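Structure first, then comments.
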Amino acid sequence: MEGLPWLRIKAPGFPGIKAWYNSEPLTVEDLRGKAVLVDFWTYTCINCIRSMPHLQRWHEKYSKKGLVIIGVHSPEFKFEGDVRNIERAVKDIGIKYPVAADSGRETWNAFSNMYWPAEFLIDKEGYVQYVHFGEGGYAETERKIQGLLGISGETEKEEIPGYLFDQSPETYAGFGANLGLGSGLACDKSGCDRYVDGGEHDRNVIYPDGEWVQMEDYLELKGARGRISYKFNARQANVVIEPLEKGCDALVLLDGKEAGKLKLDNPGMYTVYQEKDYSEKDLSLEFSGKVRVYAFTFG
């Protein structure tokens with residue numbers, strides 16, 4: 001989506017920022033005379049992470065020529081709003097440009113944004129000149145940056161990855177966006193609080209096993225041990241997990257065979273499978289401690 005220059009939409013600024021990283025607090029007034037690229041992201045978003053190398057290269061190429069990139073971190077899940085988690089993510093990813101912690105999504109709302117990632121390019125007078133939602137469009141975005149800086153040059157050669165039409169979709173675990181779990185609930189006199197996975201899995205369905213409770217945004221494991229399974233078709237599979245106690249880990253099984261172990265130190269996105277070619281795999285994670293599982297994402 002490209003901004004319409006004749007509308008002359010004024011950039012709204014950065015309200016509600018809880019912390020700044022790699023920079024002192026910035027305002028729209030501070031940035032007059034600069035071209036500004038505002039990138040809305042959140043650290044468990046695989047699409048955002050895949051966009052980061054392009055942003056890093058633009059920062060290196062154009063920061064001395066008048067471009068300021070501001071990564072506005074607007075959380076999807078509650079734990080992503082914790083400024084300590086954001087600071088850790090900025091360091092782990094190696095982001096060098098300014099990052100603003102928009103933990104209450106006030107800047108997100110001011111920009112009327114709806115997507116991760118989203119790029120808003122602002123001219124030297126403070127007007128939004130170009131908007132792009134989602135991954136891709138890197139060559140076009142770079143040309144717009146060059147135009148606002150009054151320079152020309154080669155843009156990135158964009159290699160658009162081919163996606164299989166039936167790649168597994170992003171699947172949320174909480175009842176707020178989940179279309180239905182594959183496991184049944186076992187009941188006794190004390191209530192219905194244990195999920196039972198029958199062992200046969202349809203693709204793109206979450207199958208919990210153990211003492212799980214489904215909340216709006218996540219499935220929470222209440223017992224000391226539990227399992228969650230998901231049959232997918234993809235080249236990469238990730239799971240967004242929040243450990244609730246120290247020393248928690250997860251055994252990764254693919255098609256019933258042990259494929260690794262996750263040490264769940266911090267809440268975040270954990271990659272559990274990655275190959276060059278598409279493949280259907282039956283994934284299971286066996287947890288040794290209490291956790292919350294938020295989403296499965298794929299690439």
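Any read-out appearing in this document is the output of simple, stated calculations on the displayed coordinates, not a laboratory observation. Source: prediction; values computed, not measured. Using ideal geometry, Cβ is built from the backbone for each residue, glycine included, and neighbour counts are taken over all protein chains shown.
If the elastic network links every pair of Cα atoms under 10 Å, which of Glu140, Glu154, Glu76 fluctuates the most in the Gaussian network model of the chain?
Evaluated over the chain, the most mobile residue of the options is Glu154.
For the range 132-173, run through the trypsin sites (Lys or Arg not before Pro) and keep only the ones in DSSP coil with at most 13 other Cβ atoms within 10 Å of their Cβ.
Lys157
Hey, could you pull the Cα Rg and Dmax for the range 1-155, both in Å?
14.2, 42
If I histogram all Cα-Cα distances within the range 171-298 using bins 10 Å wide from 0, what percent of pairs lands in each bin?
Reading the bins upward from 0: 14, 48, 33, 5, 0.
For the chain, what is the charge dipole size about the Cα centre, in debye to the nearest 20, if Lys and Arg each add +1 at the Cβ and Asp and Glu each add -1 at the Cβ?
Charge dipole, the chain, about its Cα centre: 780 debye, nearest 20.
Once you have all Cα-Cα distances for the chain, histogram them in 10 Å bins from zero and send the whole-percent values.
6, 26, 30, 21, 12, 4, 1, 0
Could you tell me which Cys residues in the chain have no other cysteine's Cβ under 4.7 Å from their own Cβ, answering none if every one has a partner?
Cys248
Quick one: Karplus J couplings for the range 142-150, per residue in order, coefficients 6.51, -1.76, 1.60, θ = phi - 60°, nearest Hz, x for Gly and Pro?
In residue order, the calculated couplings are 5, 4, 5, 4, 4, x, 5, 8, x Hz.
How long are the semi-axes of the equivalent ellipsoid of the range 66-173, defined as square roots of 5 times the Cα gyration tensor eigenvalues? Whole Å, largest first.
Semi-axes from the Cα gyration tensor: 25, 21, 14 Å.
Loop only per DSSP, at most 10 neighbouring Cβ atoms within 10 Å: give me the trypsin sites (Lys or Arg not before Pro) in the range 219-299, ordered by residue number.
Counting only loop positions with at most 10 other Cβ atoms within 10 Å, the trypsin sites (Lys or Arg not before Pro) in the range 219-299 are Lys246.
Which of these, Tyr207, Tyr195, Tyr163, has the largest mean-square fluctuation under a Gaussian network model of the chain (Cα springs below 10 Å)?
Result: Tyr163 has the largest fluctuation of those listed.
Considering the chain as a Gaussian network with a 10 Å cut-off on Cα pairs, which listed residue, Gly191, Gly226, Gly199, attains the greatest mean-square fluctuation?
For the chain, modelled as a Gaussian network with Cα springs under 10 Å, the answer is Gly191.
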